[in-house]
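What follows is a set of notes on a single structure, which appears directly below.
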Amino acid sequence: MRAGIDSEAARWIAFRMAGVAGLLAAGLAVVAGRAVQLQVVQQDHLGSMARDQYVRPIELKPRRGLVTDRNGATLAADVQAESVFVDPKELPPAPAREPALARLARVLSIDPAGLSRRVAASRRFAWARRRVSPAEAAAVRALRLPGVGFVQEYKRYYPRRELAGQLLGVVGEDGEGLEGVELAEDDELQGEAIHLDSLRDGRARQVFPEEGGTGRVREGARVELTIDQGLQHTAETALSAAVAGAHAKAGMAVVLDPRTGEILALANAPLANPNAVRHPGELRNRAVQDAFEPGSTFKVFSIAGALEERAIGPEDSIFCENGAWHVGRHTIHDHHGLGWVTPARILAESSNVGAGKIAARLGRERLYRTYLAFGFGAPTEVGVQAEARGTVNPPRADISLATMSFGQGVTASALQITTAMAAVANQGLLLRPWLVRRVIDPAGGAVLAQATPTPVRRAVSPETARTMARLLEGVVTDGTGKKARLAGWRAAGKTGTAQKADPLGGYSADKRFSSFVGFAPADAPRVVVGVFVDEPRGDVYGGDVAAPVFKQLAEYALQSMGVPPSFAPAAAKPAPASRAVAEAEPVEFPVVESAAQEAERSARAARGGIAVPALAGLPARPALRTLEQAELMGELTGSGRVVSQSPPAGEVVDRGTRVRLHLAPPG
Amino acid sequence: MASPGPDRTADRGAAAPVDGWLLAAVLALAAFGAVMVYSASAVTAAARTQDQFYFLKRQLLAAGVGLALLLGALRLGYRRFEGLAYPALIFTVFSLLLVLVPGIGKMAGGARRWIGAGPLSFQPAELCKVALVLYLARSLAYKRDKMRLFSIGFVPHIVVTVMLMGLCLLERDLGTCIVLGAVLFAMLFAAGVKLGWLVSAVLFAAPVCWYLITGTHYRLQRWLAFKDPFAYRDGYGFQMVESLLGVGNGGWFGQGLGDGKGKLFYLPAAHTDFIGAVIAEELGLLGMLLLVALYAVFVWRGMRAAFRAGDAFGCYLALGLTTLVGVQAIFNLCVVLVLLPTKGLTLPFVSYGGSSLMTLMGASGLLLSVSAGQGGFLRRGSQAVRLSQAEVAP
């Protein structure tokens, strides 16, 4: 037999072959078991790690809303800007890497060490610099470095530069409000972001899933402030000039409408440009966020309280000790010594002794309650972050009662003082000051929120308020506030020159806080203006430093509101000056621009519709943006680029009409 | 084509049909492979060559050639190849040496494994495996009675195999080397070589392996990465981590054919060595079990063919080829499932690779040819029929 093998040997070989087969079967069983272990037992763990890797949740943020003044002039807007990032994995390897990064850092004018650190710390993505200028972006492209990419982002732009800088605030790297109105109205301005999961491939490129990207976003809403940009500009210019002229440290000005509580202007000097913030402190809105010892302007409120409580009558005579009054171990001095005088005179001459004596009649408790009634010691709730509440404590001694009556030993913010003065101007009714008039959906123009005047409480009776207005008019006509006299309108107000507290204790010998707070016209107030100058040198008195600014602002405001003059201007002297300001205005400010925009809008409305723009070939987001600019709504189907639209391009439709876009992947 | 069905090997006269199960398993694996190669490679192919079908076309071409080789081998019958064993071995050694010649051998992925130019490149290591099986089958069949002699049954086979393994190592092809070793041991063991010699050989090889691993930087790193892939995620562990994530992401039923994410430039060699991870991710545990089942059918019917082989050469040939495919499949899937460190082995019939697919399909022709046997070597049940054939055939 050729095969010649005995059955014993055959059995032995078969046995061993069965062993090999068994081993292979065992191997396959191990594979199957491991598959079960990984795919069933560890499925959740590994699967979630896999999704972390493949899926990137992305947020499509709508364009941030505009901030405008009360007339619709743009104060803050988003513009497109490119951001530069680095993919460390795609960068040239070790020897060539550092020089490449150094060149990138030089072009972007950033710190090379910081860039290297960021690149070393990340696997696939590190920002080089965000929101670069077009020139910088072009320079980076010219470097042709592998692993350097661009992302389109929005950059916040403040077209009027310094105008209301501290009021508007700034936004952060991710478009989130950090300060000012940008922070306070952040939710409205941001709108609703769309969240979708994008697939990311191993080369860190995004692959948008089919089902994402449709649906409508709530755009960032437009926030309309109560500010009037012309008045704001006048306030900033006049205040800056006064601060510079007095070599002062800083200045603040607040302009309110006493009948509503609207803030028409709120200026801080030195000015700050939110487009290029040099250090964070310069954006501090000191008029709202800082409290200080106000000085004699507080006599308005202590005397108003005394009149209200009938502690004194308007015609009572009070002995002013000829300028030096001993209270316990202390002596209170007046600038000009007075004898027996009425409250009108005490205010006009700003007598500390007189105010102290009136407060003594009013008593500690009632003075304290009067200050609280005028809103001191509590935030105004104007809607600015970290508002100063000021400190008003019940006086514990006769001397503190006396000093509190003329505004030492208490603190308040510029806004609080101006708001309290507005209560005097508004028949004694204290209104909450406010900054945001309306919030508007840019898509449909629907008003999402509309602010209305909010009474806080009655501070004093209308009679007392009227009496105070009369007394305060005297301050301007023949008292310390003569420089606040207006060309054409009766003005009322009060000067203040506070000694600043010395950090070492007691009061500083030379540091002053000078102010003027007033309103006009005195008989029917339309505007309340507070001007505050911190540490002026030379002319330190509020009547000299702050009152002229009041005059400029009040005249500008009354003129632009068209308030008829209280009397014919006595001399031609002041009139040309104010007219000059008024005339200069439109040239200096593109009020023209907003007028043109409005004209265009109304023309469009008159034509009865809007021509639908041609969108074929555009990707989804630019198409939606184009529609948004044309005040139309977009509705997307599919993904990729626009292949058809309905209604077709050129058709005239109503504003807000839905335009259906069909998208398909290119190619 | 024969379709899988009930046992057809019952005696039906002289011309016994080939094993339908085995043929079905081979064709199913190759077809499954083509589908998965397309799924795994379309994105990479489109990115690299602008043609998403680039790898699929080549794989289908190789499958066509492979099918022709399979049918050719089947028609010729395995016995004709017995005489080819030594020429094939010499040709293999020659081509393995040729690979090492700069200018002729081509590099890819740090390894020098190909010869030829352009689309006609070939990987001699693939041929090497089949050549070794042919050589061992012939040699073992001839030395049947002397297998228990150290100098005749053991030494020559060890020497030839170690030489081939050495050549593979020079090509930095540890995977083929290990498969060759496994096939050698399985065949020597079955042929009756004393277990003690085999154990000593393993003990002797152990320090060599240790040196090979720790002495080579990348192998050591791969080993360390294997022990804790996530710690080496940015380096040598990357491929393993991506494979694990893909497999885990598959779950019970997978992400759906074509919907795997690992192939999107995450998983390196997605269409070749790590196609198992793509299958696991897209078809889930179900797909993996189907794959394992197909290999199990192959091993089962291959072993069955060995048991029923008409002669010793057929028996050892069937055993060797079955072991070759089985071991390679198990090792590849163990690497994909991170049970073994990465070493560069394709998944037989499934992975992209013309040389591998063509060689394996040709070898399957031999195996099918063996499967047509009615017994005679190990089984005496149908000896009578075999005997009459055997006397006519030689």
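The values are calculated or read from the model by the stated rules, or taken from the named source; none is laboratory data. Since we're looking at a predicted model, the values are computed, not measured. For neighbour counting, all protein chains shown are included, and Cβ atoms are generated from backbone atoms with ideal geometry for every residue, glycine included.
Here B:Leu169 does not fit the description of being modelled with pLDDT under 90, surrounded by fewer than 21 Cβ atoms within 10 Å (Cβ to Cβ) and within 14 Å of another protein chain (Cβ to nearest Cβ). If the condition is being outside any strand (DSSP E or B), among the hydrophobic types (A, V, I, L, M, F, W, C) and crowded, with 22+ Cβ neighbours inside 10 Å, then the range A:171-204 contributes A:Val181, A:Leu189. What about A:Val40, is it in contact with a Phe, Trp or Tyr (Cβ under 9 Å, 6 or more places away or on another chain), facing chain B (nearest Cβ under 8 Å) and at pLDDT 85 or above? Taking the combined requirement at face value, the residue satisfies it. A count restricted to the range A:439-464 and to residues that are crowded, with 17+ Cβ neighbours inside 10 Å and in a helix (DSSP H, G or I) stands at 1. Number of residues in the range A:231-262 that are over 28 Å from A:Lys511 (Cβ atoms) and under 18 Å from the mean Cα position of the chain (by Cα) equals 4. Can you find a residue in the range A:476-489 that is buried (at least 20 other Cβ atoms within 10 Å of the Cβ) and assigned to a helix (DSSP H, G or I)? So far as the range A:476-489 goes, yes, one or more of its residues are buried (at least 20 other Cβ atoms within 10 Å of the Cβ) and assigned to a helix (DSSP H, G or I).
Tell me whether the range A:119-132 contains one or more residues that are in a helix (DSSP H, G or I), in contact with a Leu (Cβ under 9 Å, 6 or more places away or on another chain) and closer than 25 Å to A:Glu90 by Cα. Within the range A:119-132 (the criterion being in a helix (DSSP H, G or I), in contact with a Leu (Cβ under 9 Å, 6 or more places away or on another chain) and closer than 25 Å to A:Glu90 by Cα), the answer is yes, since at least one residue qualifies. Hey, can you tell me all the residues within the range B:252-282 that are buried (at least 24 other Cβ atoms within 10 Å of the Cβ), of a type outside the set (D, E, K, R) and closer than 14 Å to B:Gly33 by Cα? Matches in the range B:252-282: B:Ala270, B:His271, B:Phe274, B:Ile275, B:Gly276, B:Ala277, B:Val278, B:Ile279, B:Ala280. Restricting the first member to the range B:359-373 and to residues that are more than 10 Å from B:Val130 (Cα to Cα), and the second to residues that are among the hydroxyl-bearing types (Ser, Thr, Tyr), the beta-carbon pairs closer than 6 Å and six or more apart or on different chains are B:Leu366/B:Tyr78; B:Ser369/B:Tyr78; B:Val370/B:Tyr78.
If you go through the range B:244-279 and pick out every residue that is in a helix (DSSP H, G or I) and in contact with an Asp or Glu (Cβ under 9 Å, 6 or more places away or on another chain), you end up with 7. Counted as qualifying within the range A:314-396 are the helices (runs of 4 or more DSSP H) with 2 or more residues that are farther than 26 Å from A:Ala291 by Cβ, namely A:343-349, A:352-362. Looking across the range B:324-353, just one residue is buried (at least 24 other Cβ atoms within 10 Å of the Cβ), in a loop (DSSP other than H, G, I, E, B) and within 7 Å of chain A (Cβ to nearest Cβ), and that is B:Leu337. B:Val297 meets each of the listed conditions (1) buried (at least 24 other Cβ atoms within 10 Å of the Cβ); (2) more than 10 Å from chain A (Cβ to nearest Cβ); (3) assigned to a helix (DSSP H, G or I); (4) among the β-branched types (Val, Ile, Thr) apart from (1).
Per the listing B:Leu286, B:Leu291, B:Leu321, the residue uniquely in a helix (DSSP H, G or I) and more than 10 Å from chain A (Cβ to nearest Cβ) is B:Leu321. Checked against (1) more than 14 Å from chain B (Cβ to nearest Cβ); (2) more than 32 Å from the chain's Cα centre (by Cα); (3) not in a helix (DSSP H, G or I), A:Pro88 passes all but condition (1).
The set of residues in the range B:40-62 that are β-branched (Val, Ile, Thr) and either closer than 15 Å to B:Lys263 by Cα or in a loop (DSSP other than H, G, I, E, B) (or both) comprises B:Val43, B:Thr44. Among the residues of this structure, A:Val300 counts as one that is touching a residue at least 40 places away in the same chain (Cβ under 8 Å) and either in contact with a strand residue (DSSP E or B) (Cβ under 6 Å, 6 or more places away or on another chain) or not aliphatic (A, V, I, L, M) (or both). Looking only at the range A:631-667, residues that are of a type in the set (Gly, Ala, Ser), crowded, with 16+ Cβ neighbours inside 10 Å and either in a strand (DSSP E or B) or in contact with a Pro (Cβ under 7 Å, 6 or more places away or on another chain) (or both) come to 3 in all. Restricting A:Arg97, A:Arg106, A:Arg118, A:Arg56 to residues that are loosely packed, with under 14 Cβ neighbours inside 10 Å and under 30 Å from A:Pro146 (Cα atoms) narrows the list to A:Arg106. Residues in the range A:234-271 that are among the β-branched types (Val, Ile, Thr), within 22 Å of A:Pro453 (Cα to Cα) and not in a strand (DSSP E or B): A:Thr260 alone. Of all the residues in the range B:139-153, those that are surrounded by fewer than 22 Cβ atoms within 10 Å (Cβ to Cβ) and away from every other protein chain (no Cβ under 14 Å) number 4. Just so you know, in the range B:308-318 the residues that are over 19 Å from the mean Cα position of the chain (by Cα) and assigned to a helix (DSSP H, G or I) include one that is nearest to the other protein chains (Cβ to nearest Cβ), and it is B:Ala312. On the given criteria, is B:Phe238 aromatic (Phe, Trp, Tyr) and more than 9 Å from chain A (Cβ to nearest Cβ)? When the stated conditions are applied, B:Phe238 passes them. Residues that are surrounded by 13 or more Cβ atoms within 10 Å (Cβ to Cβ) and either in contact with a Gly (Cβ under 6 Å, 6 or more places away or on another chain) or free of Cβ contacts under 8 Å to residues at least 60 places away in the same chain (or both) occur at least once in the range A:65-75.
Yes/no matrix, rows are residues, columns are (1) touching a helix residue (DSSP H, G or I) at 6+ places or on another chain (Cβ under 7 Å); (2) at pLDDT 90 or above; (3) surrounded by fewer than 17 Cβ atoms within 10 Å (Cβ to Cβ):
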site	(1), (2), (3)
B:Leu70	yes, yes, no
B:Phe81	yes, no, no
B:Phe94	no, no, yes
B:Ile104	yes, no, yes
B:Met107	no, no, yes
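The residue pairs whose first member lies in the range A:84-105 and is under 18 Å from A:Ala121 (Cβ atoms), whose second member is among the hydroxyl-bearing types (Ser, Thr, Tyr), and whose beta carbons are closer than 7 Å, counting only pairs six or more residues apart or on different chains, are A:Pro88/A:Ser122; A:Glu98/A:Ser116; A:Leu101/A:Ser116.
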